[in-house]
1. Evaluate the stretch 143-150: report whether one residue or more is at negative phi, more than 22 Å from the chain's Cα centre (by Cα) and at pLDDT below 85.
2. Of all residues being among the β-branched types (Val, Ile, Thr) and out of contact with any helix residue (DSSP H, G or I) (no Cβ under 6 Å at 6 or more places or on another chain) in the stretch 283-295, which is nearest to Met180 (Cα to Cα)? Just the residue, please.
3. For the stretch 240-293, give me each residue that is under 24 Å from the mean Cα position of the chain (by Cα) and hydroxyl-bearing (Ser, Thr, Tyr).
4. I'd like the residue in the stretch 133-142 that is surrounded by 11 or more Cβ atoms within 10 Å (Cβ to Cβ) and farther than 25 Å from Met281 by Cα and, out of all such residues, is modelled with the lowest pLDDT.
5. Quick check on my filter: what residues within the stretch 235-253 are in contact with a helix residue (DSSP H, G or I) (Cβ under 8 Å, 6 or more places away or on another chain) and either under 22 Å from Val203 (Cβ atoms) or of a type in the set (A, V, I, L, M) (or both)?
6. On the phi < 0 side of the Ramachandran plot and exposed (fewer than 14 other Cβ atoms within 10 Å of the Cβ): does that describe Asn19?
7. Filtering the stretch 186-206 down to residues that are at pLDDT below 70 and assigned to a loop (DSSP other than H, G, I, E, B), which residue is nearest to Ile232 (Cα to Cα)?
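The values are calculated or read from the model by the stated rules, or taken from the named source; none is laboratory data. Keep in mind it's a predicted model, so treat the numbers as computed, not measured. Glycine gets a Cβ as well: all are built from the backbone with ideal geometry, and neighbour counts include every protein chain shown.
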Amino acid sequence: MSDIPGWEAFILPTLSVMNDGVTRTRRDIHPLVAEKVGLTDGQRTRALASGQVVYANRIGWGLSLLTKVGALARPVKGSYAMTDAGRWLLARSPEGLSNRQVQDLGEDEQSPLRPYVASVSKRTTPDESDSLTSALTPTELIQEGMKRIHEEVAGELLDRLLEREPEFFEEAVVKLLLAMGYGGTNGRGTVTSLRNDGGIDGVIDQDILGLSRVYVQAKRNSATNGVQRPDIQAFVGALSGKADAGVFITTSRFSEGAVAYTHTIPTRVVLIDGERLASLMIQYGVGVQTTDSHHVVEVDEDFFA
């Protein structure tokens, strides 16, 4: 697979393909970028152990990066379109683009790009990353790779949740809590916000009779719009007379005042911020699917004893 360009080499060709203003799905983008790069028939059919085509996988990483920084947008579910920021990036980088260059431009206040925060490389310089890779064992390399994949997917999960309507988010968090085991064997979860149920967005019955319930509030905020203390106070007020505990879930974060408030009240309120939400969705398989799995083996010393 070494004869296929690395994923960074697909970033600029992807922008070039999308510069015609046409909205495309990934499936539409793949052959156009392959043609732009000049991949051979053999390179286009090379597949990973999971069955996914190698070059398509590498284009996918570039699409994720470009979408995170705002160079591409998703105006329609599953589709991509060029943005003004993408045209700006293409115009100033005719020779090529690396992951590091795109991220650095996103940090520049004069750039129309957004900062890209869900990346391992943001925490290490290229030299540090190279030295770290060379010092790791093969097993550690696998673990580090899985960690990065989860971080990338976590960032995209939050982006997708923000793109959808509030009702979708409320249903998603109820599905997550059910997947985590809340609701038991015979329990059920429902979204209640459409009934104006006092600020409570979801209710999960822990038993078939609904004698034990979990009340949920779901707040779909951007990363810069944190949940404040008054939001938690309103939720606690909505719980009054219904329950002595609840779960408040957001795509953003909780202010220090909001967190501190939960420690001063008798009502038990569990706070789940965007980072933990995405992690739980990956852990419990909500909004994600497994595309590949690896079994790490070692010699059985007992066999040779």
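1. Checked the stretch 143-150: no residue is at negative phi, more than 22 Å from the chain's Cα centre (by Cα) and at pLDDT below 85.
2. Filtering first and then ranking leaves Thr290.
3. Thr250, Thr251, Ser252, Ser255, Ser279, Tyr284, Thr290, Thr291, Ser293, listed by residue number.
4. Ranking the candidates gives Thr133 first.
5. Ala245, Gly246, Val247, Phe248, Ile249, Thr250, Thr251
6. yes
7. Once the filter is applied, the top-ranked residue is Gly198.
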